[in-house]
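This report refers to the structure that appears directly beneath it.
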Amino acid sequence: MHIQSTPDTFTKLAQVSDATTFEPAGDQPQTERARRPYQSRSLAECVTNVATPRGPMPIMKTMVTTACERNCNYCPFRAGRGKTKRVTFTPDELASAFDTLQRAGSARGMFLSSGIIKGSVTTQDKIIDTAEIVRKRYGYRGYMHLKIMPGIERDQLARLMQLADRVSVNLEGPSQTRVNALAPKKDFNLELLSMLQMADAIRRENPHRKMPSLATQFVVGAVGDTDVEIMSLNQRLYRQLRLARVYFSAFHPVLQTPFENVPAVDLQRETRLYQSSFLLRDYGWDVEELSFAPGGNLRLDVDPKRAWADENLVNAPIELMTADRERLLRVPGIGPVSADAILNARRRGRLTDLAQLRKLNIHAPEQAAPYILLDGRRPSTQLRLF
Ligand code: SF4
């Protein structure tokens with residue numbers, strides 16, 4: 001007689017870690033891939049290495065359940081999709097597995113999402129219960145990124161925010177119309193955007209408590225959405241709701257979904273969206289300053305900072321000896337660290353050639369050369385060797 005054994009928690013976790021590549025958690029989402037199929041050899045196979053400013057961090061990135069009653073048109077977990085292996089954990093099971101992983105040194109953080117079963121409120125309670133067990137029973141104080149289910153109650157969100165370091169809800173698209181096409185059972189304003197608004201309101205009501213950062217994600221390019229729509233909303237999210245991070249996921253079709261024949265979106269589009277999003281968030285740019293092609297998408301052939309510089313700086317270069325920090329940040333090849341290095345260096349003496357910039361750890365000063373003056377002169381792109 002053939003007896004099929006029940007998969008253990010770690011085998012289930014490894015199966016789900018593959019599925020969570022759809023949910024970015026770190027600074028380089030494209031690198032977030034599960035390792036290899038779990039064969040009960042190593043707990044490390046249940047974690048995903050997520051890029052952070054302090055280097056790679058192994059995270060237990062998982063879902064309470066891969067079953068879902070909703071029908072988002074692009075999603076492998078949508079209701080009725082036969083190819084999806086459904087895996088469900090209890091809060092106790094997940095919390096205990098995480099405790100084992102983090103005590104073994106295999107995981108240094110948790111990212112927890114879920115498909116929706118028996119409504120958002122019930123599903124959110126399972127995420128909250130898991131996080132509470134991890135925090136209270138196991139005394140874990142480290143990093144937790146917890147997903148907000150669409151349309152949950154305010155009390156639930158407030159509790160979630162007491163437990164998490166980061167909370168996020170996926171907006172999916174930049175407007176109600178786009179979300180209708182992507183996820184027919186989701187309401188953009190009432191269930192998605194309102195969650196971010198409520199989360200920021202809770203933060204403002206608690207100015208002296210440590211509160212989690214906010215993030216969101218867009219599925220890009222499946223339903224005619226344009227980059228100008230996405231970036232306009234992106235700017236509002238940073239300025240009005242103080243989001244820490246916006247993720248973009250270039251659409252790629254999944255078999256046995258209504259979008260299986262919709263063409264995949266060029267990954268370069270995702271790259272341009274990230275570059276533009278960082279200009280809005282970290283460089284003080286306005287969306288109007290980004291260079292959009294006639295159809296409303298960012299140019300794929302050139303990064304947005306260079307596109308702006310080609311239009312605005314070639315004939316009006318920036319003098320590095322006198323420009324303020326904001327102007328320095330307009331120059332391709334000069335980021336926040338390089339701008340500060342230039343400000344410091346010019347207090348000590350004149351900057352007259354590109355080799356001096358290289359000594360300031362500006363790795364490719366020739367990229368900046370067409371757009372700058374050094375002590376009144378256009379730099380020679382012939383770098384000195386010594
Ligand atoms: S709610 Fe939509 S995106 Fe989320 S798991 Fe269910 S079908 Fe997928």
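The values are calculated or read from the model by the stated rules, or taken from the named source; none is laboratory data. Computed from a prediction, not measured in an experiment: that's the story for all the values here. Note that each Cβ is placed from the backbone with ideal geometry, even for glycine, and that neighbours are counted across all protein chains shown.
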How many residues are more than 24 Å from the chain's Cα centre (by Cα) and within 15 Å of the ligand (Cβ to nearest atom) when one looks only at the range 90-123?
5
Of the conditions (1) more than 16 Å from the ligand (Cβ to nearest atom); (2) under 17 Å from Phe10 (Cβ atoms); (3) surrounded by 17 or more Cβ atoms within 10 Å (Cβ to Cβ); (4) modelled with pLDDT of 95 or more, the single one that Gln156 does not satisfy is (2)
So Pro370, is it part of a loop (DSSP other than H, G, I, E, B), touching a residue at least 24 places away in the same chain (Cβ under 8 Å) and under 24 Å from Pro304 (Cβ atoms):
no
Check on Leu171, buried (at least 22 other Cβ atoms within 10 Å of the Cβ), away from the ligand (no atom under 13 Å from the Cβ) and within 25 Å of Arg204 (Cβ to Cβ)
no
For the range 59-70, name all the residues that are in contact with a helix residue (DSSP H, G or I) (Cβ under 7 Å, 6 or more places away or on another chain) and assigned to a loop (DSSP other than H, G, I, E, B).
Val64, Thr66
When only residues in the range 63-87 that are crowded, with 17+ Cβ neighbours inside 10 Å and more than 10 Å from the ligand (Cβ to nearest atom) count, which is farthest from Ser114 (Cα to Cα)?
Val87
Filter the range 103-115 down to residues that are in contact (Cβ under 8 Å) with a residue 24 or more places away in the chain and surrounded by fewer than 22 Cβ atoms within 10 Å (Cβ to Cβ) and give me whichever is nearest to Pro212 (Cα to Cα).
Arg108
Sort out which residues of the range 332-386 are among the charged types (D, E, K, R) and at pLDDT 90 or above, and write them in order of number.
Asp340, Arg346, Arg347, Arg348, Arg350, Asp353, Arg358, Lys359, Glu366, Asp375, Arg377, Arg378
Does Ala215 meet the test of being outside any helix (DSSP H, G or I) and of a type in the set (A, V, I, L, M, F, W, C)?
yes
Checking Tyr143, Tyr138 in turn, the sole residue that is in contact with a Gly (Cβ under 6 Å, 6 or more places away or on another chain) and either among the β-branched types (Val, Ile, Thr) or away from the ligand (no atom under 13 Å from the Cβ) (or both) turns out to be Tyr143
